[in-house]
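Novice: My questions will all concern the structure given below.
The values are calculated or read from the model by the stated rules, or taken from the named source; none is laboratory data. These numbers come from a predicted model, not from an experiment. Neighbour counts are summed over all protein chains in view; Cβ atoms, including those assigned to glycine, are modelled from backbone coordinates with ideal geometry.
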Amino acid sequence: MFDFFKKKPADSAAPQPTPAAPAPAVAPAAAPVEARPVTAAVESAPQPTAPADSRSWAVRLRDGLSKTRAKLNAAVGPTLGADVGDVMSDLFSRRKIDDELLDEIETTLLTADCGVDATQYLIDEMRKRWKRDKLETGEQLKGVLMELLEGLLAPLQQPLDIHTHKPTIIMLAGVNGSGKTTSIGKLAKRFQAEGKSVLLAAGDTFRAAAREQLQEWGRRNDVTVISQDGGDPAAVVFDAINAARARGIDIVLADTAGRLPTQLHLMEEIAKVRRVIQKADPSGPHEVLLVLDSNIGQNALAQLAAFDKAVGVTGLVVTKLDGTAKGGVLAAIARTNPKPIRFIGVGERIDDMQPFVAREFVEALFDAAPNA
Ligand SMILES: Nc1nc2c(ncn2[C@@H]2O[C@H](COP(=O)(O)OP(=O)(O)OP(=O)(O)O)[C@@H](O)[C@H]2O)c(=O)[nH]1
Ligand SMILES: [Mg+2]
């Protein structure tokens, strides 16, 4: 159902050298290689340097969430295929509140991947409010649902602090293809725009292509990338922190290789990266960002638990909310394992990732017709 997203289509995203040369066999003690910032014109600029979208974030967010919004209305049936805004109105405005409507809402919340716990909470609260406030119309109930969802998600709206430490060390983790490297590109651009200097640590030493992906990106964006030919990701990150300190850099973004929570040796490896960061700077890492592909729906909870156990997740980046109908997973996270959602992504362009704002998100989930 969510095959909209195919990992790395041929012309996709983050810089990908072709062909992906096998990693050269290098001694682990290989000296760090630094891609010095050079401004170079690159023909086919891959994301996240794709040109900014002229539409406002509110419009892109709503467009991005259209599948989840449609899903929220799947139970309504007859008008599916019509504009999702119309469908939404059908669910709520043409109806009086009754048990059947609540059942339908329950089903739609579940199918949008809100999870059993959050769905139960939302339905119970809606039922209470229906009785207590003597609500009559579906439209009123929709208002209550929006309010409840916002209440659930608001505690997760906590902006990432990049001002307290210098350098602020941010480590990214996640399964293969969740969007770590492209998120690093987007974050680096964002931080630069805020006047911060940024250094990238190419901690994905697993694939030679990954290192080159980041180096190439760094070259085009005047961002220094610290990498090593092969070797230990922890060593790369260690070097990067020292380099950042020596140069008075504000923010270190450490990429890591994708890994599944079931690959225990790789989970141990990323735990080591974290420990080594702490060795380089006892106050760090200042943020451990887990990048979650929202297409995985409820599976996000299992990934969160596993990565949290291994590296202590302090914040989330939820990517690919466009192209998925599983945007309800944010409610599931809020209910079962709340972590600050630092950024959400609704596309591959540089400005398609923005800080999470609960109200904005809920409005985009329910309102198909932005006026911005
Ligand atoms: N549609 C969409 N695509 C995204 C989004 N974020 C990332 N992508 C795409 O997802 C694909 C994988 O992104 P990467 O950043 O390479 O993922 P990764 O986690 O670094 O992958 P590995 O290094 O292989 O583990 C790329 O094609 C990105 O352009 C998003 O918000 N929406
Ligand atoms: Mg990557």
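Novice: Could you check Asp113 against (1) at pLDDT below 85; (2) part of a loop (DSSP other than H, G, I, E, B) and say which number it fails?
Specialist: (1)
Novice: Are there any pairs, at least 6 apart or on different chains, whose C-beta atoms fall under 9 Å, with the first in the range 208-237 and of a type in the set (Ser, Thr, Tyr) and the second assigned to a loop (DSSP other than H, G, I, E, B) and within 14 Å of ligand 2 (Cβ to nearest atom), and if so, which?
Specialist: Qualifying pairs under 9 Å: Ser227/Ala202; Ser227/Gly203; Ser227/Thr205.
Novice: Here's another thing I want to ask about it. So which of Gly345, Gly312, Gly323 ends up being within 11 Å of ligand 1 (Cβ to nearest atom) and either surrounded by fewer than 23 Cβ atoms within 10 Å (Cβ to Cβ) or of a type in the set (A, V, I, L, M) (or both)? Write out each step before concluding.
Specialist: Values: Gly345 fails: either surrounded by fewer than 23 Cβ atoms within 10 Å (Cβ to Cβ) or of a type in the set (A, V, I, L, M) (or both); Gly312 fails: within 11 Å of ligand 1 (Cβ to nearest atom).
Matching residue, one of Gly345, Gly312, Gly323: Gly323.
Novice: From (1) touching a strand residue (DSSP E or B) at 6+ places or on another chain (Cβ under 6 Å); (2) in a helix (DSSP H, G or I); (3) under 30 Å from Lys67 (Cβ atoms); (4) within 16 Å of ligand 2 (Cβ to nearest atom), pick out the condition that doesn't hold for Val291.
Specialist: Status for Val291: all satisfied but (2).
Novice: Sticking with this one: Kindly indicate whether His265 is without any contact (Cβ under 8 Å) to a residue 60 or more places away in the chain, closer than 26 Å to Pro233 by Cβ and of a type outside the set (Val, Ile, Thr). Please lay out each step first, then the result.
Specialist: Working: without any contact (Cβ under 8 Å) to a residue 60 or more places away in the chain: yes; closer than 26 Å to Pro233 by Cβ: yes; of a type outside the set (Val, Ile, Thr): yes.
Yes: the conditions hold for His265.
Novice: Among the residues of the range 318-372, what is the count of those that are of a type in the set (Gly, Ala, Ser) and not in a loop (DSSP other than H, G, I, E, B)?
Specialist: Residues meeting the conditions: 6.
Novice: Among the candidates Ile270, Ile226, single out the residue that is among the β-branched types (Val, Ile, Thr) and under 20 Å from Gly315 (Cβ atoms).
Specialist: Ile270
Novice: Right, here's the next one. Looking only at the range 115-139, filter to residues that are within 29 Å of the chain's Cα centre (by Cα) and more than 15 Å from Glu104 (Cβ to Cβ); which one of those is surrounded by the most Cβ atoms within 10 Å (Cβ to Cβ)?
Specialist: Filtering the range 115-139 for residues that are within 29 Å of the chain's Cα centre (by Cα) and more than 15 Å from Glu104 (Cβ to Cβ), the one surrounded by the most Cβ atoms within 10 Å (Cβ to Cβ) comes out as Ala118.
Novice: Would you be able to tell me the number of residues in the range 198-240 that are touching a Gly at 6+ places or on another chain (Cβ under 7 Å), among the polar types (S, T, N, Q) and away from ligand 1 (no atom under 14 Å from the Cβ)? Please lay out each step first, then the result.
Specialist: Going through the range 198-240, the residues touching a Gly at 6+ places or on another chain (Cβ under 7 Å) turn out to be 200, 205, 217, 224-225, 233, 236-237.
Going one step further and asking which of them are among the polar types (S, T, N, Q), we end up with 205, 224.
Those still in the list that are away from ligand 1 (no atom under 14 Å from the Cβ) too: 224.
Adding up the residues that qualify gives 1.
Novice: Please work out which one of (1) within 16 Å of ligand 1 (Cβ to nearest atom); (2) in contact with a strand residue (DSSP E or B) (Cβ under 8 Å, 6 or more places away or on another chain); (3) part of a helix (DSSP H, G or I) is the condition Leu253 fails and give its number.
Specialist: (3)
Novice: Exactly one of these conditions fails for Ala305: (1) at pLDDT below 95; (2) within 29 Å of Lys67 (Cβ to Cβ); (3) surrounded by fewer than 19 Cβ atoms within 10 Å (Cβ to Cβ); (4) small (Gly, Ala, Ser). Give me its number.
Specialist: Among (1) at pLDDT below 95; (2) within 29 Å of Lys67 (Cβ to Cβ); (3) surrounded by fewer than 19 Cβ atoms within 10 Å (Cβ to Cβ); (4) small (Gly, Ala, Ser), the lone unmet condition for Ala305 is (1).
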